[in-house]
Ligand SMILES: C[S@@+](CC[C@H](N)C(=O)[O-])C[C@H]1O[C@@H](n2cnc3c(N)ncnc32)[C@H](O)[C@@H]1O
């Protein structure tokens with residue numbers, strides 16, 4: 001476990017106290033939890049590759065996320081989904097509600113996430129073990145753990161070691177399009193910290209593309225994550241942001257793509273704590 005400074009520990013404890021409150025949080029309290037809840041304070045954090053997405057990076061990613069039914073795979077306490085909802089609120093004030101689903105394995109993060117984003121449906125589960133009854137989504141998003149972290153099983157059509165590819169293979173079963181933050185050495189290009197986008201020869205990626213039929217490409221507009229290197233906690237990271245969609249996958253055979261005709265089924269939510277029932281659930285504005 002990373003050693004916290006006294007200030008960090010104090011603020012983390014205050015964030016936990018807010019999560020424990022028997023009432024919905026105010027906006028400023030939610031922002032405090034997002035800023036100060038320390039992912040490293042849970043014992044499983046190192047095994048689960050838990051590094052919460054910097055909010056400024058999440059904000060840039062949110063610009064490329066559209067649709068009415070969105071799923072965040074490996075949601076942490078909701079940094080990425082938080083920025084997506086903030087972006088939609090700013091841009092489409094009068095649009096009908098969107099349905100947001102956050103999947104996260106760590107129950108402590110899910111508990112905090114429910115307090116921060118009560119509009120979302122939170123599912124405390126392994127992303128590699130999701131029920132088929134979830135239906136399909138317009139977009140899947142995520143900042144999964146990087147590399148060969150522990151996993152319970154393989155995703156459909158991918159048997160390699162990189163967890164981020166497993167998550168994207170699951171995403172492609174749930175949505176026709178997705179946006180993911182992945183390690184630079186798992187992308188088929190290098191863009192962050194470079195003057196221009198350059199394709200990168202990458203045998204691990206090529207194997208992933210061949211076995212899944214999923215082709216990854218830069219987002220539009222593309223995102224240079226070098227601006228956020230110092231904003232990750234306990235690590236310095238310069239990942240790439242990738243997308244897949246019908247256009248990127250056009251020329252690849254599609255063993256794993258989601259069927260857009262399948263009707264969405266009700267999402268089986270994990271049980272809530274009694275005091276959480278006071279919070280609005282299911283959909284956003
Ligand atoms: C890099 S963090 C990203 C968190 C989040 N996307 C955010 O916005 O801050 C990865 C997250 O994946 C979760 N995780 C790891 N393995 C998982 C699994 N098999 N199923 C679901 N979540 C998992 C970790 O607990 C952690 O919260």
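Derivation of every value follows stated rules applied to the coordinates shown; laboratory data play no part. All figures in this text were calculated on a predicted structure; none of them were measured in a lab. All Cβ positions, even for glycine, are placed from backbone atoms using ideal geometry, and neighbour counts span all protein chains on display.
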Tail weight of P(r) past 12 Å, computed on alpha-carbon pairs of the stretch 136-196, percent: 68 percent
Distance histogram for the stretch 151-261 (every C-alpha pair counted, 10 angstrom bins, percent rounded to whole numbers): 15, 46, 31, 8, 0
Tail beyond 18 Å, pair distance distribution of the stretch 1-137 (Cα, percent): 56 percent
Extension gain from residue 63 to residue 247, taking 0.36 nm per residue of separation minus the Cα-Cα distance: 64.4 nm
Peptides 29-37, 226-234, 140-148 ordered by average Cβ neighbours within 10 Å, highest first: 140-148, 29-37, 226-234
Rounded FRET efficiency, nearest 0.05, which uses the C-beta distance separating residue 133 from residue 185 and R0 of 22 Å: 0.05
Anisotropy class of the stretch 171-220 from Cα gyration tensor, a/c 1.5 cut: oblate
Rough spin-label spacing in nm, given labels placed 7 Å along Cα→Cβ, for residue 234 and residue 23: 3.3 nm
Percentage of interatomic Cα-Cα distances in the stretch 93-229 larger than 20 Å: 52 percent
Peptide ranges 175-186, 49-60 listed from the most packed, as the mean C-beta count within 10 angstrom indicates: 175-186, 49-60
Segment residue 44-residue 5, extension gain: residue separation times 0.36 nm, minus the distance between their alpha carbons: 12.1 nm
Segment residue 14-residue 161, length gained on full extension (0.36 nm per residue, minus Cα span): 49.1 nm
